[in-house]
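Structure first, commentary second.
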Amino acid sequence: MVTVNETEVVVVGAGPTGLTLAYELALAGVETLVLEKLPRRLEQVKGGGIQPRTAELLDSRGLLEPMLKRVTPRDPVGGHFAALPVALDCTPWDTRHPFPIAMAQWEIEELIEERVSAAGVRVVRGTAVSGVESDDDGVTVSADGLRVRARHLVACDGGHSTVRKVLGLPFPGRPGTHHAVLADIRLASVSSLVPRQLGHMSTLMRRAGDHWAMLAPLGDDRYRFTFGRADRSDIARDTSAVTDDEIRAALRILYGPGTTLGSVDNASRFSDATRQLERYRTGRVLFAGDAAHIHPPLGGQGLNLGMQDAFNLGWKLAAVVQDRAPEGLLDSYHAERHPVGAQVLHHTSAQRVLADPDPSEDVAALRDIFVDLLRLPDANRHLAGLMSGLSLGYDLSGDHPLTGQRMPDADLVTAAGPTRLSTLFGAGHAVLLDLARAVPAGLGLPPRVDLVRATCAAGPGAAALLIRPDGYVCWATDGPAVHGETLLAAIADHLTTAEAH
């Protein structure tokens, strides 16, 4: 048993969201403890898809390159909306990562945890939280005989969040109406019906008899097998274990007698429940990832939504903990991320109808219309931006059209030579990008704001930009010169207070 009496932040949950948040805090030098109830990582593919915007954020922290060495080979094809047979095209969104990246969730967790541990974060496994007491000064966490005092706690402990239940917080929404199975399996033999290459979602879907399935090849005879009953009868209950015989029967129905099960690495059940916390912050306790929102697993949204929660929250929580910003800055986390979560719940609910494996005549007609719409460039661009996260922006105060927008990874030339914008964010700092010698020399900037003077052949349309650690422009100007007081006021408004949000 590891005994820790005091830390600055406790993160509950060592999934992608919790570990990403822990890394963001570690970059700022915040003492962080991660508590995970599982004694060891569950090697499950699960939400194994990194969307383009998440890839950009990981790239900006130097986390993407090691992941790319372990990705599952797949065709270079865009994502999908409701599994409709038209690929989403992200190239109009000016990104270096236009395609979803296939990678098992446990491998994403493993690589981030390596960085987290190297940065000095303690990850304590086999420790289930049983109590949370919050007051005006901090939080006391009880977990398997361990009592920890922290300034803040962030619950990243999944859709069945213990922290949420301990605090008695309602989780409003809609219960699941359709249950399905997700299994990581190995096949002893395969028929001609089994996909040979990981490609567009629509090519992996199959229906036979009263079953539907998606069988995704992962290499080395491994597959991610998702299946259910098209008639919506419950082949699975949350309280029942998935059996090998159940998986065998589904394989036989869907892929013929020539497809035989070799072994099952792991299997679990899920539903299409849709829920969201009313508030992502309760005093000194905050919620991120599935602990804050759950939705139908369509389009690889869950893992990405949670990790982007962490990128939004991390720099804000670090600033508050280190007394560089007042507590009010944390309110901007809810203000910015709750609408994003609500939007994902909204469009996954729409996809839930369109992807119905047993569609009515009316839904089938709607699908046909939607397929036609997806072939129109403007409609495809809109949904590609929505599903990839590339179109996401925040409603920040400011008159410049770039304010609140994601900053693409532009090629720059600095005094040190050519570089990319993304490389400037490796330390998790905000960046004041001066593209026209507009920032006065000798201006004293606060901690964790880096001034970078550069030129850009394909400029973003501004003389100077203040870019938050999560890659969103919070202030910009076209003027040939910037008054120091104006700039320092913008930094104070957007990086240290909540007034601008």
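The values are calculated or read from the model by the stated rules, or taken from the named source; none is laboratory data. A quick note: this is a predicted structure, and the numbers were derived from the prediction, not measured. Glycine gets a Cβ as well: all are built from the backbone with ideal geometry, and neighbour counts include every protein chain shown.
Test Val431 against the criterion of being among the β-branched types (Val, Ile, Thr), within 22 Å of Asp478 (Cβ to Cβ) and either part of a loop (DSSP other than H, G, I, E, B) or in the same structural domain as Asn312 (by TED's automatic domain parsing) (or both), and give yes or no. Against the criterion (among the β-branched types (Val, Ile, Thr), within 22 Å of Asp478 (Cβ to Cβ) and either part of a loop (DSSP other than H, G, I, E, B) or in the same structural domain as Asn312 (by TED's automatic domain parsing) (or both)), Val431 does not qualify.
So that you can scan it fast, the table gives a plain yes or no per residue for (1) under 16 Å from Val285 (Cβ atoms); (2) of a type in the set (A, V, I, L, M, F, W, C); (3) in the same structural domain as Gly314 (by TED's automatic domain parsing); (4) under 25 Å from the mean Cα position of the chain (by Cα):
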position: Val116; (1), (2), (3), (4): no, yes, yes, yes
position: Val121; (1), (2), (3), (4): no, yes, yes, yes
position: Glu133; (1), (2), (3), (4): yes, no, yes, no
position: Gly138; (1), (2), (3), (4): yes, no, yes, no
position: Arg186; (1), (2), (3), (4): no, no, no, no
position: Leu193; (1), (2), (3), (4): no, yes, no, no
position: Ala213; (1), (2), (3), (4): no, yes, no, yes
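Condition (residue is surrounded by fewer than 17 Cβ atoms within 10 Å (Cβ to Cβ), touching an Asp or Glu at 6+ places or on another chain (Cβ under 7 Å) and farther than 18 Å from Asp399 by Cα) applied to segment 486-501: is it met by at least one residue? Looking for residues that are surrounded by fewer than 17 Cβ atoms within 10 Å (Cβ to Cβ), touching an Asp or Glu at 6+ places or on another chain (Cβ under 7 Å) and farther than 18 Å from Asp399 by Cα, one finds none in segment 486-501, hence no. If you go through segment 436-451 and keep only what is of a type in the set (A, V, I, L, M) and surrounded by fewer than 21 Cβ atoms within 10 Å (Cβ to Cβ), you end up with Ala436, Ala438, Ala441, Leu443, Leu445, Val449, Leu451. Scan segment 306-323 for residues that are basic (Lys, Arg) and outside any helix (DSSP H, G or I) and the total you get is 0. Taking every residue in segment 265-278 that is charged (D, E, K, R) and pairing it with any residue that is assigned to a loop (DSSP other than H, G, I, E, B) and modelled with pLDDT of 90 or more, at least 6 positions away or on another chain, the pairs with Cβ-Cβ distances below 6 Å are Arg275/Phe171. Could you check Gly300 against (1) out of contact with any His (no Cβ under 7 Å at 6 or more places or on another chain); (2) surrounded by 24 or more Cβ atoms within 10 Å (Cβ to Cβ); (3) closer than 30 Å to Gly426 by Cα and say which number it fails? So Gly300 meets the others, but not (2).
The set of residues in segment 146-160 that are out of contact with any Gly (no Cβ under 8 Å at 6 or more places or on another chain) and closer than 24 Å to Leu42 by Cα comprises Leu146, Leu153, Gly159, His160. Looking across segment 217-228 at every residue that is in contact (Cβ under 8 Å) with a residue 40 or more places away in the chain and on the phi < 0 side of the Ramachandran plot, the one that is surrounded by the most Cβ atoms within 10 Å (Cβ to Cβ) is identified as Gly228.
Taken over segment 464-485, the residue count meeting the criterion of being in contact with a strand residue (DSSP E or B) (Cβ under 8 Å, 6 or more places away or on another chain) and within 17 Å of Ala430 (Cα to Cα) is 13. For segment 374-400, the tally of residues that are in a loop (DSSP other than H, G, I, E, B), over 24 Å from the mean Cα position of the chain (by Cα) and in contact (Cβ under 8 Å) with a residue 12 or more places away in the chain stands at 4.
If you go through segment 50-72 and pick out every residue that is surrounded by fewer than 22 Cβ atoms within 10 Å (Cβ to Cβ) and within 20 Å of Leu182 (Cα to Cα), you end up with 2.
Screening the candidates Gly199, Gly176, Gly159 for the property of being surrounded by fewer than 19 Cβ atoms within 10 Å (Cβ to Cβ), within 25 Å of the chain's Cα centre (by Cα), under 17 Å from Tyr280 (Cβ atoms) and in contact (Cβ under 8 Å) with a residue 40 or more places away in the chain yields one hit, Gly159.
Within the set Trp106, Trp93, the sole residue that is aromatic (Phe, Trp, Tyr) and modelled with pLDDT under 95 turns out to be Trp106.
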